[in-house]
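The values are calculated or read from the model by the stated rules, or taken from the named source; none is laboratory data. Since the model is a prediction, treat every value here as computed from it, not as a measurement. Positions of Cβ are backbone-derived with ideal geometry, glycine not excepted, and every protein chain shown enters the neighbour counts.
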């Protein structure tokens, strides 16, 4: 991948119990992004994603919006180097 990157994000707000993980997974797969999404004990959601930077930027817009019923109050985001360790996008 020529312009590959990765990010780690934590979404806070009303993001558990509203199909946020399924929403993230569906959009990540559609964009060709790999990584994972999982719930955290503090009711936030953790996302690690890798892929083409342009596709990751599109995914970030989805993360900020969430599915109907979700309310994303904050999205902490840390960019990092692409590792290539993920083959697909999983819900954990």
*Can you tell me which residues in the range 62-82 are outside any strand (DSSP E or B), surrounded by 12 or more Cβ atoms within 10 Å (Cβ to Cβ) and at negative phi?*
62, 63, 64, 65, 67, 70, 82
*Scanning for something part of a helix (DSSP H, G or I) and either modelled with pLDDT of 95 or more or crowded, with 20+ Cβ neighbours inside 10 Å (or both), does the range 6-21 turn up at least one residue?*
yes
_the range 6-22: number of residues that are under 17 Å from residue 51 (Cβ atoms) and over 9 Å from the mean Cα position of the chain (by Cα)_ = 1
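Kindly check whether there is at least one residue in the range 36-57 that is part of a strand (DSSP E or B), free of Cβ contacts under 8 Å to residues at least 24 places away in the same chain and surrounded by fewer than 17 Cβ atoms within 10 Å (Cβ to Cβ).
For the range 36-57, residues part of a strand (DSSP E or B), free of Cβ contacts under 8 Å to residues at least 24 places away in the same chain and surrounded by fewer than 17 Cβ atoms within 10 Å (Cβ to Cβ): present.
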